[in-house]
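As structure tokens, the structure follows; a few thoughts come after it.
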Amino acid sequence: QVQLVESGGNLVQPGGSLRLSCAASGALYNIFRGYTMGWYRQAPGKQREWVATIASSGSTEYVDSVKGRFTVSRDNAKKTVYLQMNSLKPEDTAVYYCNRPQNSWDWGQGTQVTVSS
């Protein structure tokens, strides 16, 4: 069993920044570095949507709405992925989750990001 724990969410004003973390633990057998990992978000009343992906190679992809503002990174030794979010907008308000894009593990509780003045 793999557990995912997201953290770093907060209330922030428009234009502000946050750094989210997602720590993986459990039966990873030291192969976390081989997994592509993704960030997702779910706004109130909406379906969960994909935000960003980081491959084992370090290559990244982003949904158009966050390109140039968000940066995904990873620390394989810590089995952790990060999401640096800059120039936050009210429409970024959501619960943020991480997981594998395919063969996903059980979802964590997520971390709440609220962008409001």
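The values are calculated or read from the model by the stated rules, or taken from the named source; none is laboratory data. Note that the structure is a prediction, hence the values are computed from the model and not measured. Virtual Cβ from ideal backbone geometry, glycine too; neighbours counted across all protein chains shown. Surface areas here come from the heavy atoms of the whole protein model, side chains and all, with no ligands, DNA or RNA. Shrake-Rupley method; radii C 1.70, N 1.55, O 1.52, S 1.80 Å.
Quick look at the values:
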{"read-out": "Square roots of five times the Cα gyration tensor eigenvalues for the chain, Å", "value": "23, 14, 12"}
{"read-out": "Computed magnitude of the charge dipole of the chain (debye, nearest 20; Cβ of K, R +1, Cβ of D, E -1)", "value": "160"}
{"read-out": "For residue 27, net neighbour charge (Lys/Arg +1, Asp/Glu -1) across residues whose Cβ lies under 14 Å away", "value": "+1"}
{"read-out": "Alpha-carbon centroids, region 1-70 and region 87-117: separation in whole Å", "value": "7"}
{"read-out": "Accessible-area order (highest first, 1.4 angstrom probe) of the listed residues 11, 28", "value": "11, 28"}
{"read-out": "Positive-end extreme of charge dipole, the chain - chosen from 94, 17, 42 (charges on Cβ)", "value": "17"}
{"read-out": "Theoretical gain in end-to-end length, residue 100 to residue 50 [0.36 nm per residue, Cα-Cα removed]", "value": "16.9 nm"}
{"read-out": "Paramagnetic label zone (point 7 Å from Cα along Cα-to-C-beta, residue 63; backbone N under 14 Å) in region 83-117", "value": "89-99, 113"}
{"read-out": "Solvent-accessible area per residue for the chain (1.4 angstrom probe, square angstrom)", "value": "54"}
{"read-out": "HN-Hα J in Hz across region 52-63 - Karplus 6.51, -1.76, 1.60, θ = phi - 60°, x for Gly and Pro", "value": "7, 9, 10, 7, 4, 6, x, 5, 10, 9, 9, 5"}
